[in-house]
Every structure is written in C-alpha cells, then in structure tokens.
Amino acid sequence: MLALVAAHLVVALLLPLVSARGHRLAFVTAAVLPALTLVWALANTGVALGAGVTESVAWAPTLGLELSFRLDALALAMIVLVSGLGALILVYSAGYFGPTSEEATRSAALVLTFAGVMLGLVLADDLLTLYVFWELTSITSYLLVGQRGDKRESRRAALQALLVTVLGGLSMLLGFVLLGEAAGTYRISEILALGRAGELQGGGMVPVALLLILLGAFTKSAQLPFHPWLPAAMVAPTPVSAYLHAASMVKAGVYLVARLSPGFADLAVWWVPIVVVGIGTMLIGGWRALAETDLKRVLAFGTVSQLGFLMVLLGAGGRVAALAGIGMLLAHGLFKAPLFMIVGAIDHATGTRDLRKLSGLRTSMPGLALAGVLAAASMAGLPPLLGFIGKETAFEAFIEEGGSRSWAIAIGLLVGSVLTAAYSARFVWGAFAAKAGKEPTPVHAPGPLLTVPVWLCVVGGLVLGLAAPVVDALAAGYADQYVPADAEEAGYHLALWHGPGLPLLFSAVALGGGLALHLQRKRVRKLAHRSPFSAQNGYENTVAGLERVAVVVTGRLQVGSLPAYLATILVVVVLFLAPAAIAAGVWPGDQVFYHEIAQVPLGIAVVVAAVAVVRARRRFTAVLLVGVIGYGVGGLFVVDGAPDLALAQFLVETLSLVAFVFVLRRLPSHFTEQPSPRRSQLFKAALATVGGIVVAGVAVVLSGARVGPASASDDFVALAPDGAGAENIVAAIIVDFRALDTVGEIGVLFVAAAGVASLVLATRYDRGRASGQSSPPHEKDVLG
Amino acid sequence: MTAPEQPDAVPFDEWDRPVEGWLLSGRCRDGHDRTLLLEVATRTLFPTMLVFSLYLLLVGHYSPGGGFSGGLVAGLAFVLRYIAGGDVGLGAVVSVRPPVLIGSGLTISVLTALVPLALGAQVLSSAKLEATLPLIGAVSTQTSLFLDVGVYVLIVGVVLDLLRSLGAGIDRDMRDAGERP
C-alpha cells in the first residue's frame, strides 16, 4: 500500500515531462494510477470486508514510529471516491484545460499528488501516519487553490483554506498525541478496540484529546463556524473544485469522524459536538445556498450542508446511522462530482456560471441537462437514486431509535433535507431552465471528454441505487463495528423499498417542502441574503486582530535599540544565574590565584583592555581594544596548553578585526556625538558590573562543580589513537567523534555568509533604486 | 583568422607585468593609497601562506591545525592580497565565485558523510588510508580528511564572500558616493 501511495507521488513528479508533450496526455496518464488503485481495492473487496489488509513499514524504529496501512470497508468506500472519482475527474480535466492552459501542468501533477496523499490518508492505520498525510492534503490543496498566485482572490482563498485547516490540523496532532499516550499505542485499530471495550485509560485526557481531534475534523470538513473557506476556495479551476471539494479533501474530516466513531460514539464528548455542529452546518449551508447566484457557489454551500449531514450520520453512533452514512458518503461523491463537472462544462460552453444569465440550456444541451437533473435528484433524495436510499435510511436510523435526542436530530435532518431539495431545484432551474424574458444563452457543445465522466458518475449513482445490496454489503462491513441495539436494527439493510412508513413520509415532506421553497425563491433569496453575522467576517476580523496583536507585541519588544536588547539579555542572565548559583553552587576550596605565572600579565592585559573598551569614544579604538582582549584570551589558551584553540582564536580574531575595519569605513568615527546622560551611564555601568561579576562567579562555581575529567573526555582520549587514528584529540573530536556537529556548524557558516552578503547587497540595491539608477554591478554582485 | 601575435604587441610599460595570476598584477587601484612595501611583502607571503594553510589542513589529525584553521589562514592570505592590491588583485587570482566555493565545501563534507552509507557503514564513519608513495615512503591518512577539505573550501569561500560584500562592495559604494576610501 505504501508502494501504491509512493507511486502516485513519483508519477506526479514525472508528469511535467509528459505535460511538455501535451496537457491532455498528461491528464490521461495521471488518471491511470488512480484507476489502477480502484481496481486493486475492488479486487481486495473480499478481504477488506472481512479481516482487512494490513501493512506496516518501520519509519523510525527507535522512536516507535511506523507507517501502518489498513484496507477495510471504510477505506474501501473512500477509495471508490478518492481514486475512482479522481480518475474520472482527471479525464475530465483533459477536456477542461485547453492545450495552451498555463494551469494544466501544475494541476495535473498536483491533482495526482493529492490523490496519492489522500489515498495514504484513508489507508493510514496509525495516528501519526494519518496526520502526515492530513497535512500534506492541506498543503497540496493550498497549491491547487492558489494556482499561480497572481490573483489576489486566489491567494486569499488559498491562505484561508490553509490557515483554517492547519489550525485544526495542529490541534488534531495534539489530540492524537494525547490519545496515543492514553492508549499506549498509535495504531488506530488497536485504539478503537480499546475504546469499544471501554478500557481506554488516561482519565481526563481522552475527552480533551477527542475534542482536539474533532476541531481538526470540523475545520477540514468546513463545519460551522469554519465553513467559509470552502465557498471561498471555489476560485480554483472547476475540476479542482470537483475533486477537492466534492470527492476528497473536505471528506477527510468526515472520514476521520467515521474512522474513530466506532470507538467513541457512546461518549457524550464525542457525539454532542458532532451532532450540534453537524446539524447547524447542514442548516446554514443549505440556507446560504439559496441566496447564491453563482452555480459553483450554490454547490459549494450545498457541499457544506451535506458535510454537516454526513458528520451527524457518521458521528452519532448506531448501526443504521452508519449504514446511512456510508450510503450518503458514496451518494454525495457520485452526485456532487458530476454536478461540479456539469458547471465546468456549462462554463466552458457559455462562458458564465451566473444562474441569472443562463437560460434555455435544457433545449440546447439536453444530454447534460438530463445528467444534471439525475444528479440533482439524487442530491434531493429522489428514488431510485442512491441519494434517496441514504436519506431514507438516515431518517429511519433516528426515528426508530426514539427518544428526544433522536427526534431532535431527525427533525433537524428533515429541515436540512428540505433545504437540500430546495437548492437542488434551484440548481436545476438556474442551470437549465428557460427563464421568462431571457434569450437562450448561446452555447458551443462540450466535447466527449467533458460529458462522458459526468455520465459515468451519474449512471454510477443510478446503478448503485438500483443495486442497493452492493452498497449494503460495503456499508455493513463498516457499520457492523457497532453493536446493534435490537434484532430489528441488526437486520436492517440498505434497500430501495422499505415499505411505507415514517421515513418515507419524511422523504416526501423533504421533497415537497423543498419544491415549495423553490417556488417562493424570490422571497427566500431576499431573506437568505440577510444574515445577522457572517462567519467570513469573523475569520477576517480574527486574522486582522492577530496581525494587530503581532504589530503591538513586536513594536514593544523589538524597539530597535542595541543597548535595550543587551540590557534585556544581561538582566535575564543576572536574574536567573545569580540565584541559582547562590542557592546550589559551592565555591571551590582550592581556588588559587593563578596556575602559571604567565597568566598574570595576560590577565592584566585583558582586564585593562576591557576597561579601556568601555572608556573608548572612537569606534576604531574600541575595535582594536576588543582585538587585544581576543588575543589575550588566545594567549591564555596557549599557556593552558590548548594550541588548537589558541590557533583558531588568533585566526578568527585577526579576521574579525579586518572585517570590523572594513565596515568601520562607512560608520561615524565616534560612537556618539556627545556623551550620554549621566543617569543612563550609571545604570549601564551598574548593570554591566553586576553582569560581569555574576558571570565570573558562576564560571568559578561551575568549574568547582567538576571533580574530575568527564567520562566522555576519557573515552575521547582513549579512543582517539585507535578509533580515529588521530594523535590530536581535538581534531579527532571535530572530524570524527562529533563530525555531525561539524557538518551542522559549517552549515551555519554557510547561512551566515549568505546572510551577510544578502544584507549588504540588499541595502545597496535599495539605495540604487532610491536614486533611480539601474545597477548592473548590483546584478553582478547578486549573481556572484 | 586572427593575426599572429606580434612580440611587440605588449606595450612597453607593461613588459614586466607578471604572467602568473598568483602574483600581484602590478596594476593598482586609482593610483593612490598604494604601499609598495606591502605589495612586495604580499608577493612573497601570499604563496607561502597558502602552502602553510595546506600544511595545517593535512597535519590537522596529528597536531594543531585542521580544515578550520587552514581555511582561515588561506582566507587571511586573500585578505592580505585584497589590502595590498584591492579588488583587482583579488579578482586576478580567484575566478571562482564565493557562493560556489561555499556550496562546494558543504557538498564535499556532506558527501563525505554519506559515502560510508553507500558502502554499508554508518553515516560519517571513517577509515584509514595507507599508501606507499615513491620518494616519500609510507603515508597514511584518514578518510575524515575529506570532511576537513570540505570545511577548508567552505571557510575560504566565506572569507572571500566577506571580502566581496564588506570590502569590495563598500569600496564601490564609497566610489559611487564620491568619497575617497
């Protein structure tokens, strides 16, 4: 399974090469792998519905990290969406993106990458593996929505999607860690088994973990109040919308809830937020869809609404609700993806997606219109389509359960379904109806690449509706993880006809209510436009508020004064080091004044130079005196028998002296025009003195804490001649024992050099621009 | 077809210009601030310092030295050359761009770290190399020397980068601003 995921990524990397020969070829090539994945998954249906196919690859064994995958019923259902619809949408993209489209190369590779990471996500059987793929989908969708990034709208939408989903993703990671630690394992299947058995330890940690995980699921699946990113992301090309926002990415949150529900659905901390947020989202999304005029945004709010619906079904627990959930999951993919593709085809054919401008497409594009009607009918819940089966089962699940909770949920779902039927009707009417007083919109017929995938999806929805037992087998494979309450619940199956009863009545009410709402569309639209608060404004205010806080904090902390920064550092050093040293330190008893007589003059020289630096008024003098201090310390190294250190110290000192002198040429020769005020001088002197005394004192105390050579040094001494073949232990440490440090340090040097060069060149470039002259030498400098 | 080079194509006042790049070119910047004494000293010191830096690099395993010190000495040799001859003197001897040097150094070190992996050993393991060279006899060294070589090259690159941005760059800024260095 890992190989399959990796293959997606590798092929995606190579796709730009194929793209050079033609975009269509690239998209069709990209479609092959998802199609193969679907075939592989379907070939494993038997095992997947039974024990499941598992695979585990060690990732970082010493840390206990592994990449675990598991193909079971839920993963299989998701793969039908992710890979099956993915392949169809890639074929559709071949028709959608023109041969000269600049977006095509990027989109082909990114959509395939996305399919790969999404596949990894649904197959993951390890919380951390799942998290990795989860964030990869966020990043990939950011790139897909942002496209070239040359439009402000795209950038904002992409950033919003990224910020919101990553916020949830991070909280989810925290939740995963808490959950994994509480369970003692990160294997999802094992955690679920523990959860089902009620043996999950960890006290108050598990509820917190679950809430954090739910936050991740809610943001990803655009639940209230995080939903605005999904409609905003509609700026992406239509095939991308169809894939990310119908088939895969936004389903990730629903999938996560479905994945974990069997273990936790009986905990109130799990199902209450899901039900409340899910129904709220279903209502808000459906209501807002009635106000939109852009067909794609109608569908986007419809997706928001349906995601709320799915959340409730898959999070509320219960075998029948889970059956309905899987049924709706498949149904939603099979009607929302073709609806998006139809919008793309209409956009292609007429150049607009505004339902106020479209008219008469029913007669000019009859085939597409029929497909659209069928898909929308499935969305509205019309028999014999898959959407009907899912919806009726959903009503059944909560009506049969009885009790006030279930009735409240059932009524909520009914109202939501009325809205669903209403916007389904609005979509069909808006896209295809001949509107009074409007000329038919001129069209040019879309090619087969644009229509065949649509029909495949629609027919899929119809066939699966008629062949309900197939879906039932798949859904039961997942739903049987729940313990049924009674024999009736245990014996329930997805089927086209359950006989008359309350669920059927509910379905009829939903359809009738929806049509009635649609007939009153003018009034409804006015109402739906009015909204006391807007989640989008909330998001924008939050981001703007964060930026303001950042500005305020930065303005207070980064005052741009070197003395202030140094004072802060020194105060912290004094406050933390001094009490610790006084409390825990022991003044060494055998402290001698000097070890070698040569240390005395060197020490005096260093001290004198240090005092003189403080007195210096000219920069050049100060630099020279600092050099004296450096050489003096180097001399102390020599006296103490550390020639390696001394050599390095002398060389670095020389070089930094030269660098200082270079820079000094551009700086005023004196530090200040006139001496600073007496009071600030006194404060600085006091702080410097205290700081110096503390550091010196701590150094002595620390040297007293050491009783003999550390065992590490002993080992170095012992190992150097044989292990590293070195007579110079310092060299052996640098290039052998701690060679990784060395590599890291020269990496730092590399960054520092690049930083210095960039800063110097950047200021010069600014000056060149300010004076209005182009600067060829600057170009040369930047290029080297 | 270009005309065959005439022996007297070299102008009279340049007949004694050094042909070798590692000697100071003899051209001077702007004609002022030139100390002949320093130039002469540099002509002798520069190659010596480079040889010394190589010595430090090679001897590092057995006595004070190593890639860091060696690289710094070589860098200081270039600094000396820059002080004596300015940008011209530096450019005559180093035609490689500093970022390329820095990158090569880092690459050499990282490759040294990774090569043992390809041979089935742990990252950064080292081995002893022994050979008998004609005239010199048996010599031995460690493969970790290559790590040091990477450090050496990188340090030289860093120093040259410093000279390029702080030295020559500021020189030109001052020239542009009409100030005398």
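The values are calculated or read from the model by the stated rules, or taken from the named source; none is laboratory data. Just so it is clear, the structure is predicted and the values come from calculations on it, not from any experiment. Note: ideal-geometry Cβ built from the backbone for every residue, glycine included; neighbour counts use all protein chains shown. Keep in mind that these areas ignore ligands, DNA and RNA; they rest on the heavy atoms of the full protein, side chains included. Shrake-Rupley method; radii C 1.70, N 1.55, O 1.52, S 1.80 Å.
Some observations on this one:
- Shielding by other protein chains, A:663-672, mean Cβ within 10 Å: 2
- Residue among A:P384, A:I411, A:I342 farthest towards the positive dipole end of segment A:338-429, charges placed on Cβ: A:I342
- Only Cα pairs under 8 Å and 6+ residues apart enter the sum, and on that basis the relative contact order of chain A stands at 10 percent.
- Rounded Å value of the spacing that divides the Cα centres of segment A:616-690 and segment A:130-183: 48
- Taking other residues whose beta carbon is less than 15 angstrom from the beta carbon of B:P116, and scoring Lys, Arg as +1 and Asp, Glu as -1, yields 0.
- Converting phi to 3J(HN,Hα) with the Karplus coefficients 6.51, -1.76 and 1.60 and the offset θ = phi - 60°, segment A:94-99 yields 4, x, 6, 7, x, x Hz in sequence order, with x at every glycine or proline.
- The amide H of A:S359, built 1.01 Å from its N in the peptide plane, has A:T441 as neighbours under 5 Å, considering only residues 5 or more places off or on other chains.
- Take every pair of alpha-carbon atoms less than 8 Å apart whose residues are at least six positions apart; their mean separation over the length of segment A:31-125 yields a relative contact order of 35 percent.
- Counting every C-alpha pair in segment A:1-42, the share spaced more than 16 angstrom apart comes to 36%.
- Relative packing of A:728-735, B:94-101, B:127-134, which averages over residues the other C-beta atoms within 10 Å, highest first: A:728-735, B:94-101, B:127-134
- Computed about its Cα centre, the charge dipole of segment A:336-402 is approximately 520 debye, with only Lys, Arg, Asp and Glu carrying charge at their Cβ.
- Each part reduced to its alpha carbon centroid, segment A:708-727 and segment A:39-89 end up 51 Å apart.
- Sequentially through segment A:100-111, phi angles give Karplus couplings (6.51, -1.76, 1.60; θ = phi - 60°) of 9, 5, 7, 7, 5, 4, 5, 4, 4, 5, 5, 5 Hz, Gly and Pro residues having no value and appearing as x.
- 13 Å beta-carbon shell around A:G437, net charge (K/R +1, D/E -1): +3
- Distance histogram in 5 Å bins (all Cα pairs of segment A:468-577, percent per bin): 2, 8, 7, 8, 8, 7, 6, 8, 10, 6, 5, 5, 6, 6, 7, 2, 0
- DSSP-loop chymotrypsin sites (Phe, Trp or Tyr not before Pro) across segment A:473-578, with at most 16 other Cβ within 10 angstrom: A:W497, A:F533
- In sequence order, calculated HN-Hα J values of segment A:380-389 (Karplus, 6.51, -1.76, 1.60; Hz; x Gly/Pro): 6, x, 9, x, x, 8, 4, x, 5, 4
- Computed from point charges on the beta carbon alone (+1 for Lys and Arg, -1 for Asp and Glu), the dipole magnitude for the protein assembly as shown about its Cα centre is near 4180 Debye.
- Residue range of chain A that is longest and free of GluC sites (Glu not before Pro) which are both DSSP loop and sparsely packed (at most 16 other C-beta within 10 Å): A:200-595
- Computed from protein heavy atoms with a 1.4 Å probe, the total accessible area buried between B and A is close to 3900 Å².
- 12 Å beta-carbon shell around A:G499, net charge (K/R +1, D/E -1): -2
- Percent of alpha-carbon pairs separated by more than 51 Å within chain A: 35
- Candidate lysines for bridging to A:K336, where Cα separation is under 21 Å - those fewer than 8 sequence places away on the same chain excluded: A:K220, A:K251, A:K296, A:K391
- Under-5 Å amide H pairs with A:H670, H placed in peptide plane, nonlocal only: A:R619
- Rolling a 1.4 Å probe over the protein heavy atoms of the protein assembly as shown, with every protein chain left in place, gives an accessible area that is 68 percent carbon and sulfur.
- Between the amide H of B:L129 and those of B:T141, B:Q142, B:T143, distances stay under 5 Å, these residues lying 5 or more places away or on another chain, with hydrogens modeled in the peptide plane.
- Short-range pairs are left out: with C-alpha atoms under 8 Å and at least six residues apart, the relative contact order of segment A:232-314 is 35 percent.
- Each eigenvalue of the Cα gyration tensor of segment A:86-162, multiplied by 5 and square-rooted, gives one semi-axis; in descending order these are 24, 18, 7 Å.
- Selection among A:T129, A:A485, B:G178 by position relative to the dipole of the protein assembly as shown gives B:G178 as farthest towards the positive end (Cβ unit charges, Cα centre).
- Between the residues A:F69, A:A104, A:V471, the greatest Cα displacement towards the positive end of the dipole of chain A, with unit charges on the Cβ of Lys, Arg, Asp and Glu, is found for A:A104.
- The alpha carbons of segment A:287-365 stretch over 46, 23, 17 Å along the principal axes, in descending order.
- With N the number of residues in segment A:378-535, Rg(Cα) / (2.2 N^0.38 Å) evaluates to 1.26.
- Tail beyond 24 Å, pair distance distribution of segment A:1-107 (Cα, percent): 36
- For segment A:468-534, trypsin sites (Lys or Arg not before Pro) are listed when DSSP marks them as loop and at most 12 other Cβ atoms sit within 10 Å of their Cβ; the list is A:R530.
- Peptide A:719-731 has a mean shielding of 4, counted as Cβ atoms of other protein chains within 10 Å of each residue's Cβ.
- Antiparallel DSSP beta bridges within chain A, percent to nearest 5: 100
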